[in-house]
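See structure below.
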Amino acid sequence: MRNHYTFRGVKGMRDVFPEAARAYQAWEARAREFFARYGFGEIRTPLVEYTVLFERGVGQGTDIVNKEMFYVPSKDQDEEEGGERDRKMVLRPEATASVVRAYVEQEVDKTAPGVQRYFYMGPMFRYERPQRGRLRQFTQIGIETLGSASPAADAEAVILLHDLLSAAGLPGLTYLFNAVGCPACRPGYIRKLQEYARARTNPLCEDCRQRLEKNPLRLFDCKVDACRAVMAGAPLVQDALCSECRDHQRRVLGLLETSGVETQIEPRLMRGLDYYTRTVFEVVAEGLGAQNAVAAGGRYDHLVEELEGPPTPAVGWSLGIERLLELAPAQEPATAGPDIFIVAAGPDPDRLFYHVTALRRLGLRIGLEYEARSPKALLKKADRLGARFALFVSQTDPETIELKNLRTGKQFPARWDMLDQVVRETG
RNA sequence: GUGGACGUAGCUCAGUUGGUUAGAGCGCUAGGUUGUGGUCCUGGAGGCCGCGGGUUCGAGUCCCGUCGUCCACCCCA
């Protein structure tokens, strides 16, 4: 790799070459298969949104909004005087806010009333310091179900995720669940939590003292021993849920149990995005280092209203392909090699090119080198590519050819206009 | 944003207490095979030792800075 080079790729962003791209394609194909089964349709939203969308959607107090945004300079900013602040644009850090924005903007509740099921796949951008399992541009696949408050919607989403991950044969996944309450019970819980913590501020670290006021639920995330000790005795959301939330959780977990999805209650599990209500969950994997969440999601019953839409309960999740890829290193079958690899020393290359084009137009995969090389080198290449046949072209006459079956080693004279048939019959 | 580790052929890495033409394996390439692959043998190409400065008679080896990568914190997919 060139170390002193002007035209570097951007930090935390990767180039994906064909071999690695196959692994992405495999995940995308598998996901599409499952989405079709469950009735989810693809939605494609822009990579750029106005900043306010995420400030409102993801939350003002979150790290994603406060320090992880990729700002996009725009002409709008220069041209529009005055209110340019809310015209600021960013690369999307996640997709849920965009999907909801699109849903509200198009008034989908009026044009297509009822439950909407969407899936998306594409790059997300977060300005973080890269480390294992964390890129600045990464790829998410996710779903959003809008318009249902039913526990069945939560369960359906999780089962889809579970079956998709299981189909990939990933070992060592744990499905963690928690409930984070709703407007009826969460405010009361947060007050209790703050009361508890305020009475014990002394041992808390600097960060936690700030969290206490700004984002008290995050107190549970701290890894400082002293803070953990304090929080070990803190009141839990689970004990403060209203009867509706409690009932919702019970029914979701019940549906998952009958569907054979093993779940684990994690009473201190919190999410970094503000919009979640009731159900939150996270799928964690072993052996991924510090960034071990491969998928996460939950219910967000008030986000649509928050973005000026009609009351619309919703639930969704997203998974990070790159982390999944690290878990199951490319075991995808290699793409099929050429049907025929041309071995020619370059007599009348134009005539040869004509024949090759004709064969490709018949649907055959033809491997061809542009420069004349030794037969040995060409055969070697054909072998590496997994070609089924090698075609020897006479040095003196491009019409005189011999076809060699690289599996059996048998070689025999052939004619250009018969190749298509021979290759297909040999299947 | 904070902390730590590491930058030597395309890749994985050696490189003695600073010492003269910087090495290995794999890969690439050519030949052995008077045009015929996957094994084997022999040869060849390929190095701003990340970059800049300093110490020294002499620096890939030591010091400072810088850029980059990785890991961890923070946070998250």
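The values are calculated or read from the model by the stated rules, or taken from the named source; none is laboratory data. Nothing here was measured: the structure is a model prediction, and the numbers come from that model. Glycine also receives a Cβ, built like all others from the backbone with ideal geometry; neighbour counts cover every protein chain displayed.
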Index of the failed condition, A:V280 passing every other in (1) away from RNA strand B (no atom under 14 Å from the Cβ); (2) part of a strand (DSSP E or B); (3) not hydroxyl-bearing (S, T, Y): (1)
List the number of the failed condition for A:E107; all other conditions in (1) modelled with pLDDT of 95 or more; (2) within 14 Å of RNA strand B (Cβ to nearest atom); (3) surrounded by fewer than 21 Cβ atoms within 10 Å (Cβ to Cβ) hold. (2)
Here's a check for you: in region A:232-259, which residue that is polar (S, T, N, Q) and touching a residue at least 24 places away in the same chain (Cβ under 8 Å) is nearest to A:A157 (Cα to Cα)? A:S259
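So, in region A:293-316, exactly how many residues are under 21 Å from the mean Cα position of the chain (by Cα) and surrounded by fewer than 19 Cβ atoms within 10 Å (Cβ to Cβ)?
Within region A:293-316, the subset under 21 Å from the mean Cα position of the chain (by Cα) is A:293-300, A:314-316.
Next cut, surrounded by fewer than 19 Cβ atoms within 10 Å (Cβ to Cβ) only: A:293.
Selection size over region A:293-316: 1.
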Suppose we filter region A:115-135 for residues that are surrounded by fewer than 20 Cβ atoms within 10 Å (Cβ to Cβ) and among the charged types (D, E, K, R); how many remain? 4
Verdict on A:R101 being in contact with a helix residue (DSSP H, G or I) (Cβ under 8 Å, 6 or more places away or on another chain), closer than 23 Å to A:L135 by Cα, modelled with pLDDT of 95 or more and basic (K, R): no
How many residues does region A:136-186 contain that are crowded, with 21+ Cβ neighbours inside 10 Å, in a strand (DSSP E or B) and of a type in the set (A, V, I, L, M, F, W, C)? 5
Is there a residue in region A:123-140 that is among the small types (G, A, S), modelled with pLDDT under 95 and within 22 Å of A:V65 (Cβ to Cβ)? yes
Checking A:T357 against (1) near RNA strand B (Cβ under 8 Å from one of its atoms); (2) of a type in the set (S, T, N, Q); (3) at pLDDT 90 or above, which single condition isn't satisfied? (1)
Note down all Cβ pairs under 7 Å where the first residue falls in region A:5-20 and is without any contact (Cβ under 8 Å) to a residue 40 or more places away in the chain, the second is near RNA strand B (Cβ under 8 Å from one of its atoms), and they're at least six residues apart or on different chains. A:D15/A:G9
